[in-house]
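What follows is a single structure, written as structure tokens, with notes after it.
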Amino acid sequence: MRVNSKKIIQKLEQQFPKSLADSWDNVGFQIGNEDSAVDVILTCLEVTDAVIDEAVEKCAGLIIAHHPLIFKAPKTLSEHDPKAHLMTRLIKENIGLYVMHTNFDHGTGGLSDLMASELKLSRTVHLKEVHSEKLVKIIVYIPTDHVDAVETAVFEAGAGHIGKYSNCGFKSSGLGSYQATEGANPFIGEIGKLAVTEEVKLETIVQAANLSHVIEAMIKAHPYEEVAYDLIPLMNKGMTESLGRVGYLDEPMSPTEFAQHVKNCYGLETLKMSVPRDKKIYKVAVISGAGMDFIADVAHTRADAFVTGDVRYHETMESRHFGIAIADVGHFESEVVFSKGVKAILDRMIDEQGYDLRVEASSAEKPIFEFY
């Protein structure tokens, strides 16, 4: 049975919401019908002709890519424009396109974690915080016979998450009182008479970004015509998302040993590396893609080495001032793990939900630079 694309996207956005993306970015559904049903999804770093050919060959109805095909509204759909050419191909082939870019860079389990895992780093921590969830405590008063239904509804809508724990809540019992006036349709009690009923107060936590969805589900499951509930903004920080990770190698390495380790991890024959002095490398920072704009943040972590892509001369000179070794694995090489990483996330989702769906990581992607 084919699965609605929107269901897949909603599940992905619970872990990698669009709100995590940088303001300049363009993420989300870019081409096609979000309500279309698919049975094959293709994941890739970049949409190219080769990737579209592969999607057609594998009968994929949806491509999930890292790099946006559309950053700004196109001024033309001429076949002579490279991006317009790809857009029209996707439309002609009836293939949808969904993009997870900087929201996947920043999210837990996203590119930063995948990159740290590729380098076999342990004890990883966030490098640069970019987002902290705002939390709201929601308190609702429920007649005793309907507690389970309302509690299930709010938890299924996404409330009750604290760190690695779900369905977190607190219940207490008491008496609720109210008097229905003319025009009301009370679930319990009569017009003009004071009603006193046993109720349970359910307290839980919800992400502010998901609050309206949780309230909608709560009201739908609640038997009262007018639902009594309180919303309390919290000072507690929710889940923190960041750009990059900092972690440790199994043991300190010489620059030569570290260079070989990086090459082995990324399958590289050559590696561009700058080592300001002969030092042991143990603590390593990583940022996927082009990360040299954040060299000062890396220096603040006191990392011995920094692995990223698109390294430029002037930033490298600055890094030598900080005494940090720089390993440039390349933009493509640092991010191509996106395809297999998202496939793994989707495969787990398919198992949990029982979806009849196949996910393929693109095998058509190749580095755009060659070394001679």
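See the values below:
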read-out: Candidates Gln260, Gln14, Gln353: whichever shows maximal mean-square fluctuation once the chain is modelled as a Gaussian network with Cα springs under 10 Å; value: Gln353
read-out: Normalised per residue, the volume of the convex hull around the Cα set of segment 317-372 (Å³); value: 120 Å³
read-out: Selected from Gly110, Cys44, Gln10, residue furthest toward positive end of dipole (the chain; charges at beta carbon); value: Gly110
read-out: Of Lys11/Lys343; Lys137/Lys237; Lys6/Lys340, pairs whose Cα-Cα distance is over 19 Å; value: Lys6/Lys340
read-out: Gained length - Ser254 relative to Ser212, 0.36 nm times residue gap less alpha-carbon distance; value: 9.8 nm
read-out: Packing-based order for 237-245, 79-87, using average beta carbon neighbours within 10 Å, highest first; value: 237-245, 79-87
read-out: GluC sites (Glu not before Pro) restricted to DSSP loop in segment 336-372 with at most 13 other C-beta within 10 Å; value: Glu370
read-out: Helix runs (DSSP H) in the chain reaching 20 Å along axis by Cα, Kyte-Doolittle at least -1.0; value: 337-353
read-out: Debye, to nearest 20: dipole size of the chain, +1 on Lys, Arg Cβ, -1 on Asp, Glu Cβ; value: 860 debye
read-out: Reachable lysines, given that their alpha-carbon falls under 24 Å from the alpha-carbon of Lys193 and they are not under 8 places away in the same chain; value: Lys201
read-out: Whole-number Å³ per residue for the convex hull built on Cα positions in segment 131-239; value: 99 Å³
read-out: Stokes-Einstein D in µm²/s, Kirkwood radius over Cα pairs - the chain at 20 °C with 1.002 mPa s viscosity; value: 91 µm²/s
read-out: With 5 Å bins from 0: P(r) over segment 24-116, alpha-carbon pairs, percent; value: 3, 14, 23, 24, 18, 12, 5, 1, 0
read-out: Among the listed pairs Lys92/Lys164; Lys72/Lys283; Lys58/Lys134; Lys128/Lys263, those beyond 31 Å (Cα-Cα); value: Lys92/Lys164; Lys72/Lys283; Lys58/Lys134
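Since every read-out is calculated from the coordinates, none of them should be taken as a lab result. All values reported here derive from a predicted model rather than from experimental measurement. Don't worry about glycine lacking a Cβ; one is built from the backbone with ideal geometry, like all the others, and counts go over all protein chains shown.
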